[in-house]
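Here is the structure we will look at.
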Amino acid sequence: MIVTKSLKKSFNGIEVLKGIDQHIEKGEKVVIVGPSGSGKSTFLRCLNLLEVPTAGEVWFEGVNITSKECDINRLRQKMGMVFQQFNLFPHKTVRQNITMAPVTLGVMSQAEADKRAIELLTRVGLPEKADSYPRQLSGGQKQRVAIARALAMGPDVMLFDEPTSALDPEMVGEVLAIMRELAEEGMTMVVVTHEMSFAREVANRVLFMDDGQVKEENTPEEFFGNPKDARLQDFLSKVL
Amino acid sequence: MIAAGSWGAAFTRAFITDHRYLAYLGGLKTTALISVFAIILGILIGLVVAVGKVSAKGNRKLWLIGVICNIYTTVIRGTPVMVQLLIIYNLIFTSRNTNEIVVGAVCFGINSGAYVAEIIRAGLESVDRGQMEAGRSLGFSYLQSMRLIIVPQAVKNILPALGNELITLIKETSVAGVIAVTDLTKAAQYVGSVTFDILTPLFIAALTYLVIVLILTRLLKALEGRMSRSDRY
């Protein structure tokens, strides 16, 4: 579903991604872990071109989205993204946050979108918050709304950029629970996270990124049970 | 009693006698006209320059636009408005039948545009980067994200500063007298030259400016209150 070919990204001459080749299949749950500054968030943001790669290609559903002719706005509709800082629109109610994109982009009528918003809010456990503003919500609630907002466009893949890193510890669980449900329903997911237990339970494949490269990738059992890369062994000894 | 009586007499002479209040009213009208047209022009110029600056930052091909906008704001903000007023009056509007009010409005508009540009630019840039990213990640184009997400949030930061700019502008137009415009300040000076009491008319003018500024400040507060609905807990 997503293929990257020798993907590279530099910021002001500093190479953050040093050539990443990845195939992410439909239905796969890929979890990316690694120390901060390893390039894992940059890699994720390159997948929907929030960061434009310096070199290499990204293919999504058979289309080279790094080519100039590609209508990236259309393709992004099929790639939901959840951010560390939630990035809800503070001037809109929860309901409007969810319905704005599908209605404006002509995917649904306002009535359909409103109905869908309530369904999605029910799914993330917040139907009573439809008319609240984001500031009235806790961090965990905000992130659940952000997930609902991304799902409203009916994406084929969901990208999560450290979705629980800005949350109070007691709110991490509620967000992870929704992500688990989503995974069980078969959503294709790429998750950058520090939650090792989530990686262990949900991932089909775990990637370890360090210094702009994928140093090791494996099933969670092998990844956590039998890590081979020395840097990964060191990393795991610190976080587990 | 004597002091109060003489104050009353001075006020009567400066304001009532020979319908002198009409002079202040006429001056006030000119001040208002110049200020209103100048702020409208200033907002138009400021909007264009701010958008020019913001887009030049993200796109190397637009570097020339960025340079022009920067020269404009630097020169205007770095020189006194009185000097600008005299230069524009003498250099550009040399024809005899120019309307001084138009000259004043254009000059103060050009001047205000530089400050408004910085206000709008700062307002747009004050909106968190993540908002644009969230908009783009949902499939909105750059312009859609600007219009639906960034601008509505930026307005909340821009409007109060814009109101302050209008207040500053109204006070600054008091130098318009140098190009033979009879604004409120100049009108007060005229009255003073007729009654040989210079101070009282100036106090009346000062009080008028103060009242206008206080009213505008009030309106601005009310507007801010209405706009911060989504900020409530």
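As a calculated quantity, the FRET efficiency between A:Cys70 and A:Leu236 at R0 = 60 Å, using C-beta atoms, amounts to about 0.95.
Fully extending the segment from A:Ala55 to A:Thr219 would add 56.2 nm, taking 0.36 nm per residue of separation and subtracting the current Cα-Cα distance. Among B:Tyr72, B:Tyr21, sorting on how many other beta-carbon atoms sit within 10 Å of each Cβ, with the fewest leading, yields B:Tyr21, B:Tyr72. Using θ = phi - 60° in the Karplus curve 6.51 cos²θ - 1.76 cosθ + 1.60, the 3J(HN,Hα) couplings for the stretch B:210-217 round to 4, 4, 4, 4, 5, 4, 5, 4 Hz; x is entered for Gly and Pro. Label-to-label distance, B:Leu62 versus B:Asn90, with points set 7 angstrom from Cα along the beta-carbon direction: 3.8 nm. Compared with the dominant principal axis of the Cα atoms in chain B, helix B:63-78 is inclined by about 20°. Take each residue in A:76-83, count the other chain C-beta atoms within 10 Å of its C-beta, and the mean is 4. For chain A, the relative contact order comes to 27 percent (Cα pairs under 8 Å, sequence separation of at least 6).
Calculated mean residue ellipticity, 222 nm, chain B: -25000 deg cm²/dmol, from DSSP H runs (n ≥ 4) at -39500 (n - 2.57) each, averaged per residue and rounded to 500. Taking other C-beta atoms within 10 Å as the exposure proxy, A:Ser6, A:Ser237 rank A:Ser237, A:Ser6 from fewest upward.
Taken along the Cα-to-beta-carbon direction at a fixed 7 Å, the label points for B:Val211 and B:Ser55 span 4.6 nm. With the alpha-carbon atoms of the stretch B:21-171 aligned to their principal axes, the span from lowest to highest coordinate is 59, 35, 23 Å, starting with the largest. Taking 24 Å as the limit for the C-alpha separation, the pairs A:Lys9/B:Lys61; A:Lys29/A:Lys78; B:Lys29/B:Lys186; A:Lys5/B:Lys57; A:Lys8/A:Lys40 exceed it in the case of A:Lys5/B:Lys57. For the peptides B:114-126, A:10-22, B:214-226, the ranking by mean Cβ contacts within 10 Å, running from highest to lowest, is B:114-126, A:10-22, B:214-226.
When A:Phe89, B:Phe15, A:Phe43 are sorted by how many other C-beta atoms sit within 10 angstrom of their C-beta, beginning with the fewest, the order is B:Phe15, A:Phe89, A:Phe43. Of all beta bridges that DSSP places with both ends in the protein assembly as shown, some 55 percent have antiparallel geometry. Between B:Asn70 and B:Arg226, the modelled labels are 3.9 nm apart [label points 7 Å from Cα along Cα→Cβ]. The local environment of B:Phe108, defined by Cβ-Cβ distances under 13 Å, has a net charge of -3 under the rule Lys, Arg +1 and Asp, Glu -1.
Take A:132-139, B:74-81 and order them by the average number of nearby Cβ atoms within 10 Å per residue, most first; the result is A:132-139, B:74-81.
With a Förster radius of 22 Å applied to the C-beta separation of A:Ser109 and B:Arg147, the computed FRET efficiency comes to 0.60. In chain A, helices alone account for a calculated mean residue ellipticity at 222 nm of -11000 deg cm²/dmol, with every DSSP H run of four or more residues adding -39,500 (n - 2.57).
The charge dipole of the protein assembly as shown, taken about its Cα centre with unit charges on the Cβ atoms of Lys, Arg (+1), Asp and Glu (-1) only, comes to about 1500 debye. Averaged over the residues of peptide B:138-149, the number of Cβ atoms from other protein chains lying within 10 Å of each residue's Cβ is 6. Summing Cβ point charges (Lys, Arg +1; Asp, Glu -1) relative to the Cα centre of chain B gives a dipole of roughly 640 debye. Positive contributions from Lys and Arg (+1) and negative ones from Asp and Glu (-1), summed over other residues with Cβ under 9 Å from the Cβ of A:Thr4, come out at -1. Give the distance, in whole Å, between the Cα centre of the stretch A:13-63 and the Cα centre of the stretch B:80-143. Computed from Cα coordinates, the inter-centre distance equals 41 Å. Cα centroids of the stretch B:163-209 and the stretch B:55-78: 35 Å apart. Neighbouring Cβ atoms from other chains, within 10 Å of the Cβ of residues in A:211-223, number 0 on average. Highest mean first, the peptides A:101-111, B:175-185 sorted by other C-beta atoms within 10 Å per residue fall in the order B:175-185, A:101-111.
Where a number appears in this text, it was derived from the coordinates with a stated rule and is not lab data. Everything quoted here is computed from the prediction, not taken from an experiment. Here Cβ is always computed from backbone atoms with ideal geometry, including for glycine, and neighbour counts include all displayed protein chains.
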